[in-house]
Amino acid sequence: MLTTNDPEALKNTEYLVEMTNGVTVAIKTDNTNVVFVDAAKPTTVNSVSGWTELTRQCPRLRDLERWARRTRFSWDAYEQMKKSLQPLVGWGARQNELSTNEAWDTALQHLLSVLER
């Protein structure tokens, strides 16, 4: 937690915090003291790119892809897909290589394209 008695000290500053899963988070403040958080890719592990590489790292993604092929698009289906995806890639992933924004974006875009067919 960042604390200060001097609000001026928080203006236009940036802090980098490394999380336990290897994700580095940038916490930034602007002149109105609004805090912005931006997660960067882990700096200690290799990021996974591409759907094929993601499925090599996490075969359960193929099950989700098969589900998306059998499912008709709806907002409920989209939300269910995202909820199922959260423990596999992105911030909720247990494998460091899969806990990146890139892995989340790649998986979500691929599965959404399958679901929308």
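What follows is calculated from the coordinates using simple rules that are stated; it is not laboratory data. The model shown is predicted, which means the values in this text are computed figures rather than measured ones. Cβ coordinates were reconstructed from backbone atoms using ideal geometry, including for glycine residues, and neighbour counts include every protein chain displayed.
Spacing of the modelled spin labels on Arg56 and Asp105, each 7 Å from Cα toward Cβ, amounts to 2.1 nm.
Inter-label distance, Asp63 to Trp75: 2.9 nm, where each label sits 7 Å from its Cα along the C-beta direction. Let me check I've understood the local charge: for Phe73, count other residues with C-beta under 9 angstrom from its C-beta, Lys and Arg +1, Asp and Glu -1. What total comes out? Here the charged neighbours net out to +1. Within the shell of other residues whose beta carbon sits under 12 angstrom from the beta carbon of Val89, the net charge comes to -1, with Lys and Arg scored +1 and Asp and Glu -1.
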